[in-house]
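Just below is one structure, and these are the notes that go with it.
The values are calculated or read from the model by the stated rules, or taken from the named source; none is laboratory data. Note that the structure is a prediction, hence the values are computed from the model and not measured. As a convention, Cβ positions derive from the backbone with ideal geometry for all residues, glycine included, and neighbour counts pool all protein chains shown. The area values use the complete protein model at the heavy-atom level, side chains included, leaving out ligands, DNA and RNA. Shrake-Rupley method; radii C 1.70, N 1.55, O 1.52, S 1.80 Å.
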Amino acid sequence: MTWTAPELSRTKPPLVADERTMLQSWLDLHRRTLQWKCAGLAAEQLKRRCVAPSTLSLLGLVRHLTECERGWFRIAARGASLDYLYCSADNPNGDFDDIADADAAADLTALRAEIELADAAVADLALDHVFSYRATEYSLRWVYVHMIEEYARHNGHADFLRERIDGATGD
């Protein structure tokens, strides 16, 4: 039996909530939207590139956003000393470029794990928490807004990629 990305549901954010709940809810929606766009596809479909010369693929997006979760929440905001999973100074685009031999199931599992670790890393930090990363100061609030934007932009890419793979479209 061929592995396929698991199905999952999404929950709409509340219309009225405090700021942290609102930001977390919108981020969670976009996190799950990316995984939802991958649902039901086999590994080779997730690796399919859009149009040459682009290296964009659904699996590349999964790997890229795993790096973003790890980088912004755990490394930058929390100050954890961690390496990236797919990228390095010598291979800054490994998340998108190195998918030929990638394990799609493991990469989706890594995204889900990194999301849990990211949430746990900042759970006790205020939105006003300020940290320095690469000689620039940021607030945790900025990270939430940036990550919502990052996922939203890439979910637009995921829409086109999914439609090209099997014609599926959706909200």
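A few points about this structure:
- Matching residues, segment 74-102, being out of contact with any Cys (no Cβ under 7 Å at 6 or more places or on another chain), surrounded by 13 or more Cβ atoms within 10 Å (Cβ to Cβ) and closer than 24 Å to residue 47 by Cα: 84, 85, 86, 87, 96, 97, 98, 99, 102
- Here residue 71 passes the criteria (1) open to solvent by 30 Å² or more (accessible area, probe 1.4 Å); (2) over 21 Å from residue 100 (Cα atoms) except the one numbered (1).
- Only listed residue being of a type in the set (Val, Ile, Thr) and open to solvent by less than 60 Å² (accessible area, probe 1.4 Å), chosen from 55, 109: 55
- The residue of segment 99-126 that is farthest from residue 73 (Cα to Cα), among those that are outside any helix (DSSP H, G or I) and of a type in the set (Asp, Glu), is 101.
- Only helices (runs of 4 or more DSSP H) whose full extent lies in segment 10-92 are considered here, and the ones with at least 3 residues that are of a type in the set (Ser, Thr, Tyr) are 19-38.
- Inter-residue pairs, beta-carbon under 6 Å, first on the phi < 0 side of the Ramachandran plot and part of a helix (DSSP H, G or I) and in segment 142-171, second of a type in the set (A, V, I, L, M) and at pLDDT below 95, 6+ apart: 162/168
- Flag if residue 153 is among the basic types (Lys, Arg) and either under 15 Å from the mean Cα position of the chain (by Cα) or open to solvent by less than 60 Å² (accessible area, probe 1.4 Å) (or both): yes
- Among the residues making up segment 11-41, a single one is touching a Ser or Thr at 6+ places or on another chain (Cβ under 7 Å) and within 12 Å of residue 108 (Cβ to Cβ): 41.
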